[in-house]
Amino acid sequence: MSEEKIVQGRSGWPMLALTLAVAALCVVAIVFGAMMLPPEEAPVTNGMQVLGIVLLVVGIVVLCVGPLLMLMGFYTIQPNQARVLILFGDYLGTVRDEGFHWANPFLSRSAGTTVSEEGKAVPRSLKISLRARTYNGEHLKVNDKNGNPIEIADVVVWRVEDTAKAIFDVDDYTTYVHTQSETALRHVATTYAYDSDTEAITLRSNIEEVSAALKEELSVRLEKAGVVIDDARLTHLAYAPEIAQAMLRRQQAEAVIAAREKIVQGAVSMVDMALTELAAKHVVDLDDERRAAMVSNLMVVLCGDSEAQPVLNTGTLYQ
């Protein structure tokens with residue numbers, strides 16, 4: 001695997017001044033050479049005229065080639081950007097210093113070509129952004145740990161940390177990040193169940209744990225490309241449409257059962273408390289049959305879905 005080498009960028013301002021000076025000297029040489037030329041259709045008769053021709057030719061050649069060649073070596077780096085330097089196939093290093101720089105004009109302008117999504121060959125830029133980027137993944141249809149089809153999507157915040165790995169170890173680090181993000185999300189989705197009655201980690205209930213697992217999975221997969229993951233979160237999670245209604249009815253049934261269980265537990269506690277208080281304070285003495293009837297009536301009142309309608313007894317307790 002490649003390893004990034006940080007090099008100091010050479011300031012471009014002195015070279016810009018030198019380039020302008022060379023261009024000015026070339027212009028002066030051309031002017032003096034033109035002034036020394038013999039009149040039209042007149043033969044060259046002395047050394048000054050020969051010198052004028054030489055100055056004119058050299059001035060034109062140097063003016064056309066020299067400054068143009070020197071201008072090819074200038075480049076700028078914005079904050080949170082880096083430039084990879086490659087000379088005739090050799091990796092010289094990476095410049096991370098922001099500002100106006102100059103380097104060997106024969107440095108490579110691109111790191112080969114890659115194929116775009118449209119199928120066209122595009123050059124790979126040697127200027128890499130080190131800023132954080134966000135990738136919003138598409139909705140994927142996968143099976144969870146229990147085999148239930150679900151729809152899931154994520155958002156990944158990533159940035160390039162090692163420019164050498166990003167340029168030399170993968171063909172296109174942006175495409176590599178997108179592909180590995182989808183693969184990691186599928187793997188994490190199949191590792192956990194969508195929901196569970198046990199204490200196990202699930203996709204729906206344990207967002208923090210699932211996000212941490214997804215981030216760790218992506219960090220391992222993207223290390224080869226010199227990319228680090230700042231954050232990874234689920235943005236969409238739902239059952240697939242073909243089982244959504246069935247799972248909704250199941251969740252509603254489980255919610256009803258849980259609510260009923262809580263109601264029954266509370267009702268039993270209240271009945272027990274009522275009987276205990278009545279017996280302790282000797283409010284009324286009930287035999288087993290009347291105690292059972294009282295428990296039944298209280299359970300109906302406390303556990304019923306609708307409000308109970310009492311029936312007043314105007315007789316004795318046993319009538």
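The values are calculated or read from the model by the stated rules, or taken from the named source; none is laboratory data. In this text the structure is predicted, and so the values were computed from the model without any measurement. Here the Cβ is made from the backbone with ideal geometry for all residues, glycine too, and neighbour counts use every protein chain on show. The accessibility values were calculated without ligands, DNA or RNA, using every heavy atom of the protein model including side chains. Shrake-Rupley method; radii C 1.70, N 1.55, O 1.52, S 1.80 Å.
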Quiz item: In the range 1-24, which residues are part of a helix (DSSP H, G or I) and among the polar types (S, T, N, Q)?
Solution: Thr19
Quiz prompt | Subset of the range 229-243 (residues that are open to solvent by 30 Å² or more (accessible area, probe 1.4 Å), closer than 14 Å to Glu161 by Cα and of a type in the set (A, V, I, L, M)) | solution = none
Quiz prompt | Among the candidates Asp195, Asp171, residue that is acidic (Asp, Glu), free of Cβ contacts under 8 Å to residues at least 60 places away in the same chain, crowded, with 17+ Cβ neighbours inside 10 Å and over 12 Å from Val156 (Cα atoms) | solution = Asp195
Quiz item: Of the residues Ile201, Ile207, which single one is without any contact (Cβ under 8 Å) to a residue 40 or more places away in the chain and in contact with an Asp or Glu (Cβ under 9 Å, 6 or more places away or on another chain)?
Solution: Ile201
